[in-house]
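K.L.:
Below are the structure tokens for one structure; questions will follow.
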Ligand SMILES: *Cc1c(COP(=O)(O)O)cnc(C)c1O
């Protein structure tokens, strides 16, 4: 096998969903947008359905196509971007539930698909998606009379528990929804961890299912290792890779492995990341190229067949920190040409 091997542990995803579900007294959905944060939405959703999840969320209607095929007609598939122009057929044919974000979307939905299920997304301060306080005040009565499946909003700073934005958005959400009979939802992964005030009737975790921060107790879900293509001796003073960016200061052994920025190994990790052979760290040296990485394996006792980038030694968030990004981006950029092995139910 010439490509990196990405191992996805569905039992860990299920364990994370259960652990997040156990932290609340309400229902727990599963966010599987962006192909299940890069890990395979259909596989993830099927495993979570078996575990008891009945509500799923995607970003856009198109993402629901493989999901509906995998899940069959029953589970609810909700769409964060709501009912956009051109979505009507998909929403109808796949029985999707759009989270309507504006009066325009509300009008479009009621005209195009009268009687078709929908939810409402409210903006409580993030200024990204959803109706604002005044807009909502104007249409709330009319919308609520059509029995929305959900009224939801999204927190901007829930990964920072002490951020004043959290109680501010909570207060706005309550102002906009107290007293309604429709089910309510405010919390994603971070919001679940903020405590019961934020839980309402349904939570919508994404990253926590996939083993990422801020869910510190998450079970790791992915492992990623790369095959070694060749190993060479490099004399003191010789250079390695594009731009000659690394120079040997001792007689060295350099392994070239099959993986690069085309596989989601960010170029900013050049001369920075660490791969592992068992528990022995092996520094990535020189530049990350499109398909190849060069690794200093001088200190290994034997010549390695494979080197590990994500695993028990180093998780998604460790790597994200080195790349100055977040676990969400590491996961969703994982490449399409990996040999993907999905374990579990
Ligand atoms: C992505 C998203 C979620 C899931 O967020 P996580 O931080 O991954 O748990 C929930 N709700 C909305 C509106 C989202 O966009």
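Each value in this text was obtained by applying a stated rule to the coordinates, not by laboratory testing. Keep in mind that what you see is a predicted model, and the values were worked out from it rather than measured. Positions of Cβ are generated from backbone atoms using ideal geometry, with glycine treated the same way; all protein chains shown enter the neighbour counts.
K.L.:
Once you compute Rg and the Kirkwood Rh from C-alpha atoms, what is the Rg to Rh ratio for the chain?
P.N.:
1.06
K.L.:
Mind pulling the angle between the C-alpha long axis of helix 133-145 and the longest principal axis of the chain? Nearest 10 degrees, somewhere in 0 to 90.
P.N.:
Once rounded, the angle reads 60 degrees.
K.L.:
Any chance you could run the full-extension gain for residue 162 through residue 103? It's 0.36 nm times the residue separation minus the Cα-Cα distance, nm to one decimal.
P.N.:
Here the segment from residue 162 to residue 103 would lengthen by 17.9 nm.
K.L.:
What nm distance separates the two modelled labels at residue 133 and residue 69, each placed 7 Å from Cα along Cα→Cβ?
P.N.:
Computed distance between label sites residue 133 and residue 69 equals 4.6 nm.
K.L.:
To continue, here is another question. How far is helix 41-51 tilted, in degrees, relative to the longest principal axis of the Cα atoms in the chain, given as a value from 0 to 90 rounded to the nearest 10?
P.N.:
Its long axis makes an angle of about 70 degrees.
K.L.:
Hey, another quick one. Using only DSSP helix segments of four residues or longer, with each worth -39500 (n - 2.57), what per-residue ellipticity at 222 nm results for the chain after dividing by its residue count and rounding to 500? Could the numbers behind the result be given before it?
P.N.:
Details: 11 runs with 97 residues, N = 345.
Helix contribution divided over all residues of the chain: -8000 deg cm²/dmol.
K.L.:
What does the extension gain come out to for residue 339 and residue 230, with contour length at 0.36 nm per residue minus their alpha carbon separation?
P.N.:
37.3 nm
K.L.:
Classify region 267-330 as rounded, prolate or oblate, taking a ≥ b ≥ c as the square roots of the eigenvalues of its Cα gyration tensor: rounded when a/c is under 1.5, otherwise prolate if a/b is larger than b/c and oblate if not.
P.N.:
Since a/c reaches 1.5 but b/c is at least a/b, the shape of region 267-330 is classed as oblate.
K.L.:
Determine the equivalent ellipsoid of region 10-210 by diagonalising the alpha-carbon gyration tensor, then write out the semi-axes as square roots of 5 times the eigenvalues, largest first, rounded to whole Å.
P.N.:
24, 23, 13
K.L.:
Another question, if that's okay. Taking neighbour counts of Cβ atoms within 10 Å as a proxy for exposure, in what order, fewest first, do 265, 180 appear? It would help to have the intermediate numbers written out before the result.
P.N.:
Values: 265 30, 180 14.
So the ranking, lowest neighbour count to highest, is 180, 265.
K.L.:
Additional query: Using the C-alpha gyration tensor of region 102-178, what are the square roots of 5 times its eigenvalues, in whole angstrom, with the largest one first? Don't skip to the end; give the middle numbers.
P.N.:
Details: eigenvalues 133, 26, 22 Å².
Listed largest to smallest, the semi-axes of region 102-178 are 26, 11, 10 Å.
K.L.:
Related question: How would you classify region 76-120 from its alpha-carbon gyration tensor, with a ≥ b ≥ c the square roots of the eigenvalues: rounded for a/c under 1.5, else prolate if a/b is greater than b/c, otherwise oblate?
P.N.:
rounded
K.L.:
How high is the FRET efficiency from residue 242 to residue 321, r the C-beta distance, R0 25 Å, rounded to 0.05?
P.N.:
Working: r = 24 Å, r/R0 = 0.98.
So, using R0 = 25 Å, E works out to roughly 0.55.
K.L.:
Here's another thing I want to ask about it. Sort 157, 282 so the one with the fewest other Cβ atoms within 10 Å of its own Cβ comes first.
P.N.:
157, 282
K.L.:
Hey, another quick one. Determine Rg/Rh for region 1-83; Rg is computed over alpha-carbon atoms and Rh is the Kirkwood hydrodynamic estimate from the same atoms.
P.N.:
Using Cα coordinates only, the ratio equals 1.00.
K.L.:
For residue 54 and residue 147, compute 0.36 nm times the residue count separating them, minus their Cα-Cα distance, and round to one decimal in nm.
P.N.:
Net length gain for the segment: 31.6 nm.
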